[in-house]
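The values are calculated or read from the model by the stated rules, or taken from the named source; none is laboratory data. Just so we're clear, the structure is a prediction, and the values are computed from it rather than from any experiment. Note that each Cβ is placed from the backbone with ideal geometry, even for glycine, and that neighbours are counted across all protein chains shown. Calculation scope for accessible area: heavy atoms of the full protein, side chains included, ligands and nucleic acids excluded. Shrake-Rupley method; radii C 1.70, N 1.55, O 1.52, S 1.80 Å.
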Amino acid sequence: MLPDNKGMHDISTEPAGLAPGWQWTNSFAALGADFYSPIAMQPVAQPYVVGHSASAQRLIGLPTDAWQSGAWQQIFAGNQMPTGAQPLSTVYSGHQFGVWAGQLGDGRAVLLGELTPPPGHGDTAQEIQLKGAGLTPYSRMGDGRAVLRSSIREFLCSEAMNALGIPTTRALSVMGSDHPVYREQPETAAVVTRLAPSFIRFGHFEHFSHHDLHPQLRQLADYVIDRFYPGCRSDTGLNGNAYANFLQAVTERTAKMVAQWQAVGFCHGVMNTDNMSILGLTIDYGPFQFLDAFDPGHICNHSDNQGRYAFYKQPNVAYWNLYCLGQALLPLIEDQELTIAALETYKTIYPQAQDACMAAKLGFAGVQDGQRELADDVLRLMAVERVDYSIFWRRLSHWVRARENNPSQQIHSVRDLFVDRVGIDAWLLRYSERLTHIPRGLAADLMLATNPKYVLRNHLGELAIQAAKTKDFSVVAQLLQAFEHPFDEQPALESFADLPPDWASGISISCSS
Ligand code: AMP
Ligand code: MG
């Protein structure tokens with residue numbers, strides 16, 4: 001396995017400075033050699049900036065002019081190691097498509113360490129991970145690289161999800177290069193720099209549990225609890241069992257995250273247990289899709305032949321995955337009933353979270369009696385006619401705003417989305433009746449801040465990718481701008497909120513990335 005550094009030049013020698021008081025720390029590395037393999041940098045020739053997020057940058061105290069610095073560009077391309085970082089790839093296992101897949105691990109991701117703010121700063125330390133930075137001992141049959149198209153999709157979607165208020169790993173940048181990568185056809189390599197307080201997955205726990213490495217399993221759980229779930233130590237619920245409380249806390253976060261996915265129409269596409277974050281973050285953007293036409297059975301991953309990860313199945317799959325985590329934590333919890341009790345939380349938290357999300361979409365400040373029926377009924381109408389999901393909710397929000405000022409306001413823009421006018425009129429009548437009980441202004445304000453105008457539809461990603469392939473990165477920047485303010489009217493970017501063009505349905509996204 002040769003590092004692909006042939007022809008590399010241009011390595012900058014200027015230092016990559018951090019903001020005052022910030023420093024590299026390496027807490028994952030301190031766990032010890034059982035948890036990872038050290039990695040040497042594998043440079044690519046002449047990297048260039050494809051996109052970067054100023055908002056992600058603010059999380060790590062990076063100087064604003066970092067993108068003008070050759071040193072930072074080289075670091076984020078995986079060409080140069082920052083002083084103080086300790087590059088490594090972590091080992092994990094997992095269930096893929098419902099089957100135990102054995103050892104996986106970071107096959108193309110390198111963790112540099114975490115950038116830690118000065119004491120009293122308020123921000124949490126962020127791990128810096130380079131995805132697509134070359135071969136690791138866990139690369140198996142892969143080449144350790146990521147292609148430009150999937151890197152652009154991950155970059156944009158990470159930042160879009162964050163702006164939508166959905167927990168996610170962040171993306172700082174995409175660095176491109178002309179380094180060739182072979183998938184179904186020749187493509188070029190890119191590196192996404194991802195940020196998260198931790199990239200630990202359910203699969204990390206499954207790994208040590210499967211191999212009966214219980215001291216390491218405990219060490220990992222203690223590490224995560226101490227850093228991210230300290231309340232589990234003092235929680236008196238579940239017999240005061242810290243590991244059961246940890247499982248319950250992860251269950252809650254996961255349930256809330258998936259409820260947000262469903263509400264915004266996000267299909268993850270590969271909900272394997274190695275793609276489930278222990279912090280309840282959306283992680284590993286691959287063949288994901290924001291729904292265009294509403295189809296509960298939509299399968300966004302071309303490789304998912306059985307439809308295991310179809311849109312409507314996501315809440316159940318998350319629960320299934322949590323059971324895998326529960327099974328993995330059983331040697332620490334040491335009590336099957338407690339483990340099940342922790343997991344059972346899902347059955348109350350998920351419906352509550354879903355109801356809360358749907359209430360907000362409908363403009364209700366709290367969950368209302370009979371609301372679930374109201375929401376289900378309109379979703380059913382939308383499913384029958386494959387109505388565009390985001391456009392429906394946005395138009396409904398605008399109608400509610402207009403109606404607040406003029407109760408006789410016509411509703412053509414919503415009705416026009418349906419052929420079955422009788423069905424939608426009957427629903428709108430029921431809905432209007434509820435709106436009359438809400439103080440003026442409140443419903444529309446809530447809806448316009450809940451139902452996004454801009455989502456990363458597949459065809460938008462495709463526009464950015466096609467332009468980027470010709471080294472025109474302006475569409476990446478424009479889309480980032482749209483998605484950073486998904487609830488705002490942005491007249492210059494209006495076309496990104498349009499119905500998808502006909503060719504959008506022909507886009508096929510598989511696991512190949
Ligand atoms: P994913 O389905 O993308 O989450 O990946 C599943 C596993 O395959 C993980 O262990 C990845 O690190 C690994 N993997 C995916 N693509 C590559 C690649 N091009 N080179 C090496 N490993 C890869
Ligand atoms: Mg993955």
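Couple of notes before you dig in:
- Close amide H partners of ALA146, meaning residues 5 or more places away or on another chain with modelled amide H under 5 Å apart, are ALA190.
- To the nearest 10, the accessible area of ARG430 is 100 Å² with a 1.4 Å probe.
- Shape summary: segment 160-279 maps onto an equivalent ellipsoid whose semi-axes, from the alpha-carbon gyration tensor, are 32, 19, 14 Å in decreasing order.
- Shape call, segment 114-165: gyration tensor on alpha carbons, a/c limit 1.5: oblate
- Stokes-Einstein translational diffusion, segment 343-434 - Kirkwood Rh over all Cα pairs, 1.306 mPa s, 10 °C, in µm²/s: 112
- Neighbours of ILE283 by Cβ distance under 9 Å: Lys/Arg scored +1, Asp/Glu scored -1, total +1.
- With all protein chains in place and ligands, DNA and RNA left out, the 1.4 Å accessible area ranks LEU88, LEU330 as LEU330, LEU88, largest first.
- The heavy atoms of PHE97 offer some 80 square angstrom of accessible surface to a 1.4 angstrom probe.
- Accessible surface of segment 270-337, 1.4 Å probe, proportion on carbon and sulfur as whole %: 46
- Taking 4.7 Å between C-beta atoms as the pairing limit, the chain has these partnerless cysteines: CYS157, CYS232, CYS324, CYS357, CYS511.
- For the chain: lysine pairs under 18 Å (alpha-carbon distance), excluding those fewer than 8 apart on one chain: 5
- Distance from the C-alpha centroid of segment 400-439 to that of segment 452-480: 34 Å, rounded to the whole angstrom.
- Whether segment 410-513 is rounded, prolate or oblate, judged on the alpha carbon gyration tensor where a/c under 1.5 counts as rounded: prolate
- On Cα atoms only, tilt of 336-362 relative to the major axis of the chain in degrees: 50
- Relative to one another, the C-alpha centroids of segment 330-377 and segment 22-47 are positioned 38 Å apart.
- About the centre of its Cα atoms, the chain shows a dipole size close to 340 debye [charges on the beta carbon of Lys, Arg (+1) and Asp, Glu (-1) only; nearest 20 debye].
- On the principal axes of its alpha-carbon atoms, the chain has extents of 67, 59, 48 Å, going from largest to smallest.
- Accessible surface, per residue, of the chain when the full set of protein chains is kept, probe 1.4 Å, Å²: 40
- Each of LEU499 and SER408 was given a label point 7 Å from its Cα along the Cα-to-Cβ line. The distance between the two points is 3.0 nm.
- C-alpha long axis of helix 214-228 to longest principal axis of the chain, angle in °: 60
- Convex hull of Cα atoms in segment 261-370, direction-averaged projection (nm²): 8.5
- Restricting segment 446-513 to GluC sites (Glu not before Pro) in coil, as DSSP defines it, with at most 15 other Cβ within 10 Å: GLU489
- Between 0 and 90 degrees, the angle of helix 314-333 with respect to the longest Cα principal axis of the chain falls at about 40 degrees.
- Surface composition of segment 359-482: carbon and sulfur make up 54 percent of the accessible area, probe 1.4 Å.
- Which of TRP22, TRP100 is most accessible, then next, and so on - probe 1.4 Å: TRP100, TRP22
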